[in-house]
Amino acid sequence: MHRRFVLWFAALFFAAAAVIIGGAILAPGLLGGYGVIGRLVLALAVFGLCGIAIDAVLQVRAGARAVTGFLPPAMIVLIFGVTFPAEITALAQSFASRGSPGIRCAPGEDGRYYPRLVIAGQPVDFVLDASVDDVVLTTDDADRIGIDVASLVFDDEALIGNVRSVAATVELDDVQFGSFSIADLPAKVSANVLGGNVLGMAFLDRFSRWRIENGVLILEP
């Protein structure tokens, strides 16, 4: 009974950690760069692993073979370490630096950063590009967050890389990124499909400082 309780208790925290890590992989930035929730779940996952390790020690002391007792925690550590090395590192760094401000965003598989912002209550995925000046939205996402695209005047342009697109200037009043709120964020709605939404320097300039540490983007409000 004791062993079963410990294993179920630990499995609960590992499941929660897997959800947080999975969310970070599928939608980097959704959880505010790991924030308080990420650090809490990391701590709980470590606590759960300690529970399994204690159970293994009790089994060995009760006469079980060491290989049998320590196999479950060893397998869990191996699986998590091989599957989520970058995410676990980012979470650990966030936990270790819990006293310092900042929103953290792990890179995608291609090394770029894909923050998810919540605009007017709707999640919107972006790619971060410091070489672009503006925040650029596609017409589909602009319509989804409540902008009347049909009434826009496309008398401006958006430059992404070497591609110029006819665009309309708008202002985003209700933008949330993790725990950071942004009001009156200027943006452009592109009349052409340029591959997705882009966050340029107009977004980064709203932070007092931004940097990359060990591959993780850190934005300080």
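Summary of computed values
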read-out	value
For segment 199-212, 3J(HN,Hα) per residue [Karplus equation, 6.51 cos²θ - 1.76 cosθ + 1.60, θ = phi - 60°, Hz, x = Gly/Pro]	9, x, 5, 4, 7, 4, 5, 7, 9, 5, 7, 9, 7, 10
Ranked by how many other beta carbons lie within 10 Å on average, peptides 197-206, 123-132, 160-169 from highest	197-206, 123-132, 160-169
Amide proton proximity set for Y113, modelled H, under 5 Å, gap of 5+	G108, L128
Gain on full stretching of the segment that runs from D174 to V118 - 0.36 nm per residue minus C-alpha separation	19.4 nm
Length gained when the stretch D184-A130 is fully extended (0.36 nm per residue, less Cα-Cα span)	17.5 nm
Within segment 120-221, percent of DSSP bridges classed antiparallel, to nearest 5	75
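Only the coordinates and a few stated rules stand behind these numbers; no lab work does. Note that the structure is a prediction, hence the values are computed from the model and not measured. All Cβ positions, even for glycine, are placed from backbone atoms using ideal geometry, and neighbour counts span all protein chains on display.
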